Amino acid sequence: MSELRLDLATGEWVIIATERARRPHDFRRADAAGETPRETCPFCPGREAMTPGELYREPADGPWSVRVVPNKFPALSPGAEEAAPVSSDPVGMFLRRPGKGHHEVIVESPDHGARLATMSREAIAAVLGAYRARYRALRRTPNDARLIIIFKNCGEEAGTSLSHPHSQLVATPIVPLWIQSKHAVARRYWDMNRRCLYCDLLDAELAQKERVLFETEGFGVFHPFASRLPFETWIMPKRHTPSFGDVRDDELLELAQVLRATFRLLARGLGPFPYNYVVHSAPAGEEDRRFYLWHLEILPRLTMLAGFEMGSRIFINTAAPEATAAFLRSLAPEAALE
Ligand SMILES: [Zn+2]
Ligand SMILES: [Zn+2]
């Protein structure tokens, strides 16, 4: 079982989860093509028994198109407190608490080789529907799900060697300081302007056009002004919605199309590339906020983070977002939407 430890120097929490080091696939090198073999893949149909109790399945009967299961080696788990009681009383200066929370895996497709750029719009919408269903289920337990982060790691440089398409959800009982600070910045903007910072940001990007890849009726896709990484791409909804849990069905379907088009465009420009993406949303129980907007950040892992970034948390981006956006715009983004 894991535990949360407070870093006294930064005020940020760290998860100590030693079981995760024993993940079997961590010790197996992927073959030359960077693919884990289908023969032993725990996410392929027919091996459902290899994953712990199913939390969600679509459709409910018959062959599944999307499944959600608890992570077999969780960073946080709902039963942490009971399984390994950790005293929250500080020992001297040191404060720890049980690693209570949720860590789930969303298996995006029964097809081991499926990719976002090539899946059907309906299949991607089913994945996004699974995100939303789990988000809604977990936000009802705000004590061990204060912050719900949905993310995807793709490629070894991005932190996964398991090539079957999957994403993850981690619900934490704490909101990290830097996220609190992000909210404080947005709240200050609201107090001063009576407007939502993120909606204004999207409007400004769309008006300036320089960093925009494309827009649809409901979404804008752009490389943010202060991009931390080359080809960092944000997808933002035009309808003010603080929580991903409140996205409508029609918006999910449009988001599926937008997400696929974005990946098609990035792949056209970059070839196969490792990436992380993260769905940012207002913390559970604070979803009526007028000053926050859920959004999806795609972070291509084309460069390594090095000493300066680790030491300063200041990123050095070697590609201007205006240039990368212009490059992708030259590759017919309208065609990617079809
Ligand atoms: Zn597989
Ligand atoms: Zn807004």
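The values are calculated or read from the model by the stated rules, or taken from the named source; none is laboratory data. All values derive from a computational prediction rather than experimental measurement. Every residue, glycine among them, receives a Cβ derived from its backbone with ideal geometry; neighbour counts consider all protein chains shown.
When Ala75, Ala133 are screened for being modelled with pLDDT of 95 or more and under 24 Å from Cys154 (Cα atoms), only Ala133 passes. Listed conditions (1) within 16 Å of ligand 2 (Cβ to nearest atom); (2) among the charged types (D, E, K, R); (3) exposed (fewer than 14 other Cβ atoms within 10 Å of the Cβ) are all met by Glu287, apart from (3).
For (1) assigned to a loop (DSSP other than H, G, I, E, B); (2) more than 18 Å from Thr160 (Cα to Cα); (3) of a type in the set (A, V, I, L, M), each residue gets a yes or a no:
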| position | (1), (2), (3) |
| --- | --- |
| Ala261 | no, yes, yes |
| Gly269 | no, yes, no |
| Gly285 | yes, yes, no |
| Phe291 | yes, yes, no |
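Quick one: would you say Phe214 is under 20 Å from the mean Cα position of the chain (by Cα), modelled with pLDDT of 95 or more and not hydroxyl-bearing (Ser, Thr, Tyr)? Answer is no for this residue.
Any idea which of Thr233, Thr303 is polar (S, T, N, Q), away from ligand 1 (no atom under 16 Å from the Cβ) and at pLDDT below 95? Let's see the steps before the verdict.
On the way: Thr233 fails: at pLDDT below 95.
Just a single option satisfies the conditions, and that option is Thr303.
Go through the stretch 157-176 residue by residue and tally those that are of a type outside the set (A, V, I, L, M, F, W, C), modelled with pLDDT of 85 or more, in contact with a Pro (Cβ under 9 Å, 6 or more places away or on another chain) and away from ligand 1 (no atom under 16 Å from the Cβ). Residues flagged as of a type outside the set (A, V, I, L, M, F, W, C), modelled with pLDDT of 85 or more, in contact with a Pro (Cβ under 9 Å, 6 or more places away or on another chain) and away from ligand 1 (no atom under 16 Å from the Cβ) within the stretch 157-176 amount to 1.
Across the stretch 316-337, what is the number of residues that are assigned to a loop (DSSP other than H, G, I, E, B), under 25 Å from the mean Cα position of the chain (by Cα) and within 25 Å of Leu116 (Cβ to Cβ)? Write out each step before concluding.
Just the residues of the stretch 316-337 that are assigned to a loop (DSSP other than H, G, I, E, B), to begin with: 316-320, 330-332, 337.
Narrowing further to those that are under 25 Å from the mean Cα position of the chain (by Cα): 316-320, 337.
Then drop every residue that is not within 25 Å of Leu116 (Cβ to Cβ), which leaves 317, 319, 337.
Counting residues in the stretch 316-337 that are assigned to a loop (DSSP other than H, G, I, E, B), under 25 Å from the mean Cα position of the chain (by Cα) and within 25 Å of Leu116 (Cβ to Cβ) gives 3.
Taking first residues from the stretch 272-294 that are within 16 Å of Glu157 (Cα to Cα) and partners that are among the hydrophobic types (A, V, I, L, M, F, W, C) and within 16 Å of ligand 1 (Cβ to nearest atom), the Cβ contacts under 9 Å between residues at least 6 apart in sequence or on separate chains come to Phe273/Cys154; Pro274/Cys154; Tyr275/Cys154; Asn276/Cys154; Tyr277/Cys154. Do we have Ile179 as assigned by TED's automatic domain parsing to the domain that holds Glu108, within 30 Å of Leu95 (Cβ to Cβ) and not aromatic (Phe, Trp, Tyr) here? No, not satisfied. Scanning the stretch 228-238 finds one or more residues that are assigned by TED's automatic domain parsing to the domain that holds Arg301, in contact with a Cys (Cβ under 9 Å, 6 or more places away or on another chain), assigned to a loop (DSSP other than H, G, I, E, B) and closer than 18 Å to Leu202 by Cβ. If you go through the stretch 178-198 and pick out every residue that is surrounded by fewer than 14 Cβ atoms within 10 Å (Cβ to Cβ) and in contact (Cβ under 8 Å) with a residue 40 or more places away in the chain, you end up with 1. Right, Asp191: closer than 26 Å to Leu147 by Cβ and within 13 Å of ligand 2 (Cβ to nearest atom) or not? So Asp191 fails the test.
Out of all the residues in the stretch 299-316, which are out of contact with any Pro (no Cβ under 9 Å at 6 or more places or on another chain) and not small (Gly, Ala, Ser)? Lay out the reasoning, then the answer.
From the stretch 299-316, those out of contact with any Pro (no Cβ under 9 Å at 6 or more places or on another chain) are 299, 304-316; that's our starting set.
Those that are out of contact with any Pro (no Cβ under 9 Å at 6 or more places or on another chain) and not small (Gly, Ala, Ser): Leu299, Met304, Leu305, Phe308, Glu309, Met310, Arg313, Ile314, Phe315, Ile316.
All of (1) within 16 Å of ligand 1 (Cβ to nearest atom); (2) in contact (Cβ under 8 Å) with a residue 12 or more places away in the chain; (3) within 15 Å of the chain's Cα centre (by Cα); (4) more than 17 Å from Val66 (Cβ to Cβ) hold for Lys152 with one exception: (4).
Residues of the stretch 145-196 that are in a loop (DSSP other than H, G, I, E, B), touching a Leu at 6+ places or on another chain (Cβ under 9 Å) and closer than 20 Å to Val105 by Cα: Ala145, Pro165, Pro173.
Scanning the stretch 160-173 turns up no residue that is closer than 22 Å to Ile15 by Cα, surrounded by fewer than 16 Cβ atoms within 10 Å (Cβ to Cβ) and either assigned by TED's automatic domain parsing to the domain that holds Met119 or free of Cβ contacts under 8 Å to residues at least 60 places away in the same chain (or both).
Residue-wise test of (1) under 19 Å from the mean Cα position of the chain (by Cα); (2) modelled with pLDDT of 95 or more; (3) in a strand (DSSP E or B).
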residue: Val86; (1), (2), (3): no, no, no
residue: Arg97; (1), (2), (3): no, no, yes
residue: Glu104; (1), (2), (3): yes, yes, yes
residue: Ser109; (1), (2), (3): yes, yes, no
residue: Gly113; (1), (2), (3): no, no, no
residue: Val127; (1), (2), (3): yes, yes, no
residue: Asn143; (1), (2), (3): no, no, no
